[in-house]
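Reading through the structure tokens given below for one structure.
The values are calculated or read from the model by the stated rules, or taken from the named source; none is laboratory data. These numbers were taken from a predicted model, which means no experiment stands behind them. For neighbour counting, all protein chains shown are included, and Cβ atoms are generated from backbone atoms with ideal geometry for every residue, glycine included.
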Amino acid sequence: AVAAATADGDRIVTVVKLTATGALDTTWGGGDGIAPTPVVFGGGADEIDLALQPDGKIVVAATVDNGTAGDGDIAVTRLDADGTLDTTFGEGTSGVRVLDLTTGSVFTGGGANYDRARGLAVDATGQIFIHAVVRRVTPGAPPTPEADTDFAVVRLTAAGALDTAYGGGDGYFTLDILESNATPRGFHVQADGKVIAGGYANSTATNSVQAVLYRVNTDGAALDTTFATQGLFHAVVLQVQTEIYGFAVHGTHLVTAGYGRDAGDQNDWVSMRFAVADGARDTAWGGATSGAVVIDPSGTMVGDNCRNALALPDGRTLLVGSSGSGAPAQDAAFAVLSATGQLDTSFGDGTHVFPLGANQGDQLWGGAVNVSNALLVGWSGVATQSTETNDDSFAVGLPLP
């Protein structure tokens with residue numbers, strides 16, 4: 001899914017389907033392989049996601065504007081398997097459900113409430129889960145927004161309604177870590193209905209930005225206290241910063257993708273490994289110090305961002321992201337880790353950096369894997385949008401040795 005735009009118009013959430021050879025699938029969508037949705041995008045680069053249902057329908061979640069200054073909501077829409085809007089989903093026949101989890105207003109002294117979509121998953125029964133960020137309000141006259149943001153896991157029914165059997169009866173679970181700002185990222189729904197979610201937060205417990213990994217019970221009422229420390233991993237890994245952007249599940253373990261640093265002001269890619277059963281971190285992962293595998297794709301300490309992880313055959317993990325601190329000196333990058341956490345030399349030296357566009361702000365954000373190939377998706381951005389120069393989406397095919 002991509003946020004498509006004219007140079008000065010609305011950004012329309014759009015889904016594109018490619019054939020196995022990388023061409024637009026003209027049997028899908030509007031006959032051109034493209035399916036615009038009714039959703040107008042109102043978020044950042046990572047606030048849009050797509051998930052495939054068991055029946056072939058496609059669910060998309062994105063951040064949208066609320067209409068109130070400083071506020072945002074979450075919109076969820078669904079396409080039928082042929083790329084047409086599923087009008088049985090959401091509110092009425094609109095095909096869209098808008099979630100206003102926290103009511104947004106700009107208050108005296110500044111500050112606002114907002115909801116942001118950060119992750120999406122569908123379980124085997126068709127239930128829809130969203131990883132989100134919310135900001136709570138303290139009741140009063142007038143009500144005041146909290147200074148921090150919280151993690152939230154939202155569950156919808158297969159028809160697109162908030163599932164009131166989940167969470168506190170309102171359809172979602174929230175996690176506040178010591179009144180720190182929450183940044184939710186990737187997450188995974190287990191076969192038993194429990195949810196493992198990742199991200200990062202800056203809290204007084206660590207005095208730095210550090211990774212967050214937590215698990216929510218099946219009913220969404222509380223953390224699963226059998227996971228990590230009372231349901232939550234949040235500890236210092238690299239001294240200055242450690243982030244989890246996404247993770248790949250390999251049966252009994254998961255491997256994270258993110259970035260951080262021990263010192264200085266330039267980030268490297270960082271990967272860790274956790275046991276799915278109890279959340280224990282593998283401190284021997286990759287043979288690295290404290291089990292945090294650090295990768296510099298450029299080899300020149302220019303600042304790097306790892307955005308996602310994909311599970312490959314044989315326990316390997318494909319990490320995707322970018323190398324370079326920002327446009328225009330930013331290129332797409334990927335690296336492959338072996339099942340034990342070392343760089344996989346089947347892919348040259350294990351890391352690859354390359355431009356997508358004309359040496360612009362190039363980034364990879366995700367992809368999909370089959371037995372013999374991976375499809376990586378990302379975008380090439382420019383600072384100024386016009387009809388001649390604007391952001392483009394890219395898909396990159398990667399044969400798997």
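Points to keep in mind about this one:
- Taken over region 225-235, the residue count meeting the criterion of being part of a loop (DSSP other than H, G, I, E, B) and either under 18 Å from the mean Cα position of the chain (by Cα) or at pLDDT 95 or above (or both) is 7.
- In region 69-98, of all residues being surrounded by fewer than 20 Cβ atoms within 10 Å (Cβ to Cβ) and hydrophobic (A, V, I, L, M, F, W, C), the one that is nearest to the chain's Cα centre (by Cα) corresponds to Val98.
- The set of residues in region 1-32 that are over 18 Å from Ala75 (Cα atoms), among the hydroxyl-bearing types (Ser, Thr, Tyr) and either crowded, with 19+ Cβ neighbours inside 10 Å or at pLDDT 95 or above (or both) comprises Thr26, Thr27.
- Any strands (runs of 3 or more DSSP E) falling wholly within region 240-331 and containing at least 3 residues that are β-branched (Val, Ile, Thr) and at pLDDT 95 or above: 293-295
- One residue stands out among those in region 351-370 that are among the polar types (S, T, N, Q) and assigned to a strand (DSSP E or B): the one that is farthest from Ala329 (Cα to Cα), which is Thr351.
- Filter result for Phe247 (surrounded by 24 or more Cβ atoms within 10 Å (Cβ to Cβ) and either aromatic (Phe, Trp, Tyr) or farther than 22 Å from Thr340 by Cβ (or both)): yes
- Odd one out for Gly315 among (1) buried (at least 21 other Cβ atoms within 10 Å of the Cβ); (2) within 18 Å of Gly246 (Cβ to Cβ); (3) not polar (S, T, N, Q): (1)
- Ala221 meets each of the listed conditions (1) out of contact with any Phe, Trp or Tyr (no Cβ under 9 Å at 6 or more places or on another chain); (2) surrounded by fewer than 22 Cβ atoms within 10 Å (Cβ to Cβ); (3) part of a loop (DSSP other than H, G, I, E, B) apart from (1).
- Residue list for region 64-83, filter: of a type in the set (S, T, N, Q) and modelled with pLDDT under 95: Asn66, Thr68
- The residues in region 255-266 that are surrounded by fewer than 24 Cβ atoms within 10 Å (Cβ to Cβ) and in contact with a strand residue (DSSP E or B) (Cβ under 6 Å, 6 or more places away or on another chain) can be counted, and the count is 1.
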